[in-house]
Amino acid sequence: MDRKAVIIPTYNEKENIEAIVRKVFSLDGNYHVLIIDDGSPDGTAGIVKSLQTEFPDRLFLIERSGKLGLGTAYLTGFRWCLEQGYDFIFEMDADFSHNPDDLPKLYAAAAACGGVAIGSRYCDGISVVNWPLGRILMSYCASIYVKTVLGMTIHDCTAGFKCYSRKVLETIDLDDVRMKGYGFQIEMKYTAWKLGFQLSEVPIIFINRRLGTSKMSGGIFGEAFWGVIKLKFRKFNKRS
């Protein structure tokens, strides 16, 4: 059986973390979970440590000091998962905006294409629940902007719910990934695509968080806007 790891970055997610971990572990498929916690002052890491006594062989924790960015959290997780020998590695939020029940569908799509499976909010219309209209328009237009500038054919260029085959993360030079916030999701998809991997979109329904506070900010979008233009002129090398 393929070894599967779900990476969940956290910052102040005490309201959600136990429920999301238990939900993932309730699924068939023997998923493991790696929490990357950026020094949450609300005690998120402590809750994870208490759960590790119950799931010592499936739940793992990396603690970092302070908010170091979404991209660096995932890069830390990718390196750890590769070292541990996982075959498929997922990105997922802690707040249930990504439905854990969709993990098997993402796994099946990534296994079939050998590349990246994307939980897509826009490949089957607009499938977003409880977002303000302005937020939906900003996200949807961002994907159109990315598609126009970079030429990718996928519908949801900024999606953060994904499954990578091991081969993708082994091939991408993770040390050369430059965007740290919202743009990280774009850069990883574009890099995989430029290196010849298939991107497969799986329709999902994205539900805005019910508990906790969103970490989105205007600066994150600014990095993505200018970063996409720089991506257009980048050369991408495979990891040596």
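Laboratory data are not the source of any read-out in this text; all were calculated from the coordinates shown. If you're wondering where the values come from, they're calculated on a predicted model, not measured in any experiment. Using ideal geometry, Cβ is built from the backbone for each residue, glycine included, and neighbour counts are taken over all protein chains shown.
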Exercise. Loop-only check: which trypsin sites (Lys or Arg not before Pro) in segment 141-208 are DSSP coil with at most 16 other Cβ within 10 angstrom?
Worked result: ARG178
Seminar exercise, completed: Dividing the mean separation of Cα pairs under 8 Å (6+ apart) by the residue count of the chain yields a relative contact order in percent of 23 percent
For this session: In Å and from the alpha-carbon atoms only, list the Rg and Dmax of the chain.
Result: 16.7, 49
For this session: Return the loop-located chymotrypsin sites (Phe, Trp or Tyr not before Pro) in segment 40-82 (DSSP other than H, G, I, E, B) with at most 15 other Cβ atoms within 10 Å of their own Cβ; answer none if there are none.
Result: none
Problem set entry | Within the chain, helix-based [θ] at 222 nm, where runs of 4 or more DSSP H residues each add -39,500 (n - 2.57), nearest 500 | -12500 deg cm²/dmol
Seminar exercise, completed: The pairs in LYS14/LYS189; LYS180/LYS235; LYS105/LYS235 lying past 27 Å Cα-Cα in this model are LYS14/LYS189; LYS105/LYS235
For this session: Check the straight Cα-Cα distances from LYS147 and name the aspartates and glutamates below 13 Å, setting aside those fewer than 8 residues away within the same chain.
Result: ASP156, GLU187
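What is the ratio of the Cα radius of gyration of segment 93-174 to 2.2 N^0.38 Å, where N is its residue count, to two decimals?
Normalised Rg, Cα atoms only: 1.17.
From largest to smallest, what semi-axes in whole angstrom does segment 1-53 give when each is the square root of 5 times an eigenvalue of its alpha carbon gyration tensor?
Working from the Cα gyration tensor, I get semi-axes of 21, 11, 9 Å.
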Problem set entry | For segment 5-19 and segment 176-205, distance of Cα centres in Å | 22 Å
